[in-house]
Protein chains: 2
Amino acid sequence: MDAKAKQKTLRLLTSGIYVMTSRDGDRYGAATVTWVSQVSFKPPLLMVALRRDGSVLNCLLSSGFSVLHIVGREQQEIAQKFFSATKESNGFLNGEPFYEGKTSAPVLKNLKAFLECKLINVAEDYGDHAVAILEVLEAGNRGEVDPLVVGDSPWKYGG
Amino acid sequence: MDAKAKQKTLRLLTSGIYVMTSRDGDRYGAATVTWVSQVSFKPPLLMVALRRDGSVLNCLLSSGFSVLHIVGREQQEIAQKFFSATKESNGFLNGEPFYEGKTSAPVLKNLKAFLECKLINVAEDYGDHAVAILEVLEAGNRGEVDPLVVGDSPWKYGG
């Protein structure tokens, strides 16, 4: 296979930009993720591919809960904050205020649309990311969101 | 959970529009799909959520091979053709010309970027779609493609 054709074609897959959070007791996980898709209407299920060494997968495996937040087109700087290692301090995660959701996972106040989820399955042996299947338990909507997509951001993740 | 908030938030997930094809001997499968994501760099893996009763899943389960084609922004009418039941006739699939790819799955001539894939795993017991993990074996690129995304199409699939 031609490596350039592979990278070019894989980068034509359309992806959004999300921040995913999780918590296990006093440990917190948070990361910007892009490999996300719905995979079922009934029950409402998502697939999220997560870095194996990341704080989100770590907390999700222990607690079984996670929140997926949709990043708005004008909120690039919030996504940027979650490229760094996760740091919780006095109700802030990487500098962003949060509160405890119904599942006890952290909900970021500045991201207006989010899905609180329960872990259904995680497959860690396919490739270099863990493939998590999550059931949506709660949905939050605090105003209109025009979602940020990878193609309109300065970033690439794919290929 | 508020059903409207759930639908509204799930529809904020960003998805592209693709045509997926497969073949098992003289049976052909083809469908327009949107729930697609890369899930690994090494090896290059995709996740595709497929309708359980569809011709693509049927042929993919038997043959183990499939082609994912990226639909361009100006090719909405090609995606539309694959909402209907699959019909092969003299080298045409639902009216679109194709040839046999390296994996023997059908490659649609009018879709310029495509990924020939091998089935790695399929999970049929999570929800109302089968979750297939596919390895990219070949990538084709016959010119520039500006991908069609669900948000810029007349269609919705999610919620």
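Numerical summary
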| item | result |
| --- | --- |
| Residues within region A:1-19 that are more than 7 Å from chain B (Cβ to nearest Cβ) and closer than 15 Å to A:Val149 by Cβ, tallied | 4 |
| Scope region A:20-42; condition buried (at least 19 other Cβ atoms within 10 Å of the Cβ) and either under 22 Å from B:Val48 (Cα atoms) or at the interface with chain B (Cβ under 8 Å from one of its Cβ atoms) (or both); matching residues | A:Met20, A:Thr32, A:Val33, A:Thr34, A:Trp35, A:Val36, A:Ser37, A:Gln38, A:Val39, A:Ser40 |
| Some residue of region B:146-156 being away from chain A (no Cβ under 13 Å) and within 30 Å of B:Lys6 (Cα to Cα) | yes |
| Scan of region B:101-141 for residues that are farther than 26 Å from A:Ala132 by Cβ and more than 10 Å from every other protein chain (Cβ to nearest Cβ), ordered by number | B:Gly101, B:Thr103, B:Ser104, B:Ala105, B:Pro106, B:Val107, B:Leu108, B:Lys109, B:Asn110, B:Leu111 |
| Any hit, region B:85-99, residues being under 22 Å from B:Arg27 (Cβ atoms) and within 14 Å of chain A (Cβ to nearest Cβ) | no |
| Which numbered condition B:Asn141 fails, given (1) modelled with pLDDT of 95 or more; (2) surrounded by 14 or more Cβ atoms within 10 Å (Cβ to Cβ) | (1) |
| Checking B:Asp53 against (1) of a type in the set (D, E, K, R); (2) more than 23 Å from B:Trp155 (Cβ to Cβ); (3) within 15 Å of the chain's Cα centre (by Cα), the condition it does not meet | (2) |
| Scan of region A:115-148 for residues that are farther than 22 Å from A:Gly54 by Cα and not in a loop (DSSP other than H, G, I, E, B), ordered by number | A:Leu137, A:Glu138, A:Ala139, A:Gly140, A:Asn141, A:Pro147 |
| Selection status of A:Arg11, among the basic types (Lys, Arg) and either open to solvent by less than 50 Å² (accessible area, probe 1.4 Å) or in contact with an Asp or Glu (Cβ under 9 Å, 6 or more places away or on another chain) (or both) | no |
| Of all residues in region A:43-62 being out of contact with any Cys (no Cβ under 9 Å at 6 or more places or on another chain), more than 8 Å from chain B (Cβ to nearest Cβ) and within 22 Å of A:Val150 (Cβ to Cβ), the one that is most open to solvent (accessible area, probe 1.4 Å) | A:Arg51 |
| From A:Gly127, A:Gly72, A:Gly91, A:Gly95, residue being crowded, with 20+ Cβ neighbours inside 10 Å and without any contact (Cβ under 8 Å) to a residue 24 or more places away in the chain | A:Gly127 |
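The values are calculated or read from the model by the stated rules, or taken from the named source; none is laboratory data. The model shown is predicted, which means the values in this text are computed figures rather than measured ones. Glycine gets a Cβ as well: all are built from the backbone with ideal geometry, and neighbour counts include every protein chain shown. The area values use the complete protein model at the heavy-atom level, side chains included, leaving out ligands, DNA and RNA. Shrake-Rupley method; radii C 1.70, N 1.55, O 1.52, S 1.80 Å.
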